[in-house]
Amino acid sequence: DCFGRPIASAPDAWFDVVERYSNDNNKTLKRTDKISRCLNLGSYNYLGFAAADEYCTPRVIDSLCRFSASTCSTRVEGGTTTLHKELEECVANFVGKPAAVVFGMGYVTNSAILPVIIGRGGLIISDSLNHNSIVNGARGSGATIRVFQHNTPSHLEKVLREQIADGQPRTHRPWKKIIVVVEGIYSMEGELCKLPEIIAICKKYKAYVYLDEAHSIGAVGKTGRGVCELLGVDTVDVDIMMGTFTKSFGSCGGYIAGSKELIQYLKYTCPAHLYATSISPPAAQQIISSIKVILGEDGSSRGAQKLARIRENSNFFRSELQKMGFEVLGDNDSPIMPIMLYNPAKIPAFSRECLKQNVAVVTVAFPATPLLLARARICISASHTKEDLLKALEVISQVGDMVGIKYFPAEPNKQQQDQQQQQPGKDTIKLD
């Protein structure tokens, strides 16, 4: 319900939501000139770079004056500037790979890359909850697709064993190539990938690993380098690293990082590189500047503070929601926390009641999730203060009681526990 509402400001911790009204029971909605200042719990602004930043914004404005808002060309014609070269080197160094190539859109990064790196005679083994961009890219490749149970390494191994034994359909010839595709943090679940176990299985059966870090790069890990850093995985063991700049870096576009040979091959063959307009220079400068802040190359410790704050905010918010009795999906350190709603009628009710109290949440329903697994997806940012989170928790608790989505008993707070300990129960027998 919330995602159909126009926004009238930058997606910071608080943003302006345009108010609308309906005369036909919400079949159609009309805008008004009024705006509501709402707490933003829906944007992917994990590190707070989406709003004005003291280091990034002046440099982005300079790049806009110097290079213009668009290159008006593809990368292979007149669309490669010095910023694009700098950005690709910066990204490769940041994720720990020899080379990288960047694209103007995150969704296209998956959907255009997969058909280039694998085709007929190849096998893609995909997590059952992978993003739609991966699904479409796999379908467009012409490769055989098999799915393994979400984040279950044992089932992945079973699928790999069966497919290697059977070979290609009809001919039963050996597969030309096998790629296992997983995500770092699953965007609708908030779960971290079981990457070490999956890599061990892929090594055993000589399959390539394709890791989508759209939601994890910049958001998790001690220095923001994603799930590989968080889970202690060597990036050498991940063959293809994909990520987007639309979340932690406050910009747009995506990247593929890997060996120099792979990146050179993609630059010669990938339609997103050959035919699509290159990423805009100001967007490229925003990414470069935000990475420098994260690494502390701006001369301050703001990057480390942002990373510590998002981790603290995420873990605090998740634990408080669970104490209240909500069913919250995902793992610790993940900034995504889906609150399960289940009942389709509760989807608009939860969203609208929160909005009445100036808390903007995004509800997710069919077809993005199965029909009866609707949820409200909370995205926490480093720009949220403790006061913001406490307000959000208060409103969500009230609305949760009203809508009836607290599916577990709430934990008693410390005062109630102390009172229970001080007052002996009826069945207590005092012995002299």
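The values are calculated or read from the model by the stated rules, or taken from the named source; none is laboratory data. Computed from a prediction, not measured in an experiment: that's the story for all the values here. No Cβ is skipped: glycine too gets one built from the backbone with ideal geometry, and neighbour counts run over all protein chains shown. Ligands, DNA and RNA are stripped out before the accessible areas are found, and what is left, the full protein with its side chains, is counted by its heavy atoms. Shrake-Rupley method; radii C 1.70, N 1.55, O 1.52, S 1.80 Å.
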| field | LEU321 vs. criteria in a helix (DSSP H, G or I), farther than 25 Å from ALA8 by Cα and open to solvent by less than 10 Å² (accessible area, probe 1.4 Å) | value | yes
| remark: A careful count of residues in region 174-187 that are surrounded by fewer than 18 Cβ atoms within 10 Å (Cβ to Cβ) and either assigned to a strand (DSSP E or B) or free of Cβ contacts under 8 Å to residues at least 40 places away in the same chain (or both) gives 2
| task | Could you list, in sequence order, all residues of region 63-72 that are at pLDDT below 95 and open to solvent by less than 40 Å² (accessible area, probe 1.4 Å)? | result | THR71
| note | Counting only residues that are open to solvent by 40 Å² or more (accessible area, probe 1.4 Å), closer than 20 Å to GLY254 by Cβ and among the β-branched types (Val, Ile, Thr), region 73-92 contains a total of 2
| Looking at (1) assigned to a loop (DSSP other than H, G, I, E, B); (2) open to solvent by 10 Å² or more (accessible area, probe 1.4 Å), can you tell me which one PHE326 breaks? | (2)
| note | Pairs returned, first residue in region 58-69 that is not assigned by the TED database to the domain that holds ALA283, second residue that is open to solvent by less than 60 Å² (accessible area, probe 1.4 Å), beta-carbon separation under 6 angstrom, 6 or more apart or interchain, are none
| Which numbered condition ARG161 misses (of (1) outside any helix (DSSP H, G or I); (2) open to solvent by 50 Å² or more (accessible area, probe 1.4 Å); (3) charged (D, E, K, R)) | (1)
| query | In this structure, is VAL233 open to solvent by less than 10 Å² (accessible area, probe 1.4 Å), outside any helix (DSSP H, G or I) and touching a residue at least 12 places away in the same chain (Cβ under 8 Å)? | reply | no
| query | Got a sec? Which of VAL116, VAL95, VAL60 is farther than 30 Å from GLU157 by Cα and open to solvent by less than 60 Å² (accessible area, probe 1.4 Å)? | reply | VAL60
| task | Go through region 147-158 and give me each residue that's surrounded by 16 or more Cβ atoms within 10 Å (Cβ to Cβ) and not in a loop (DSSP other than H, G, I, E, B). | result | VAL147, PHE148, PRO153, LEU156, GLU157
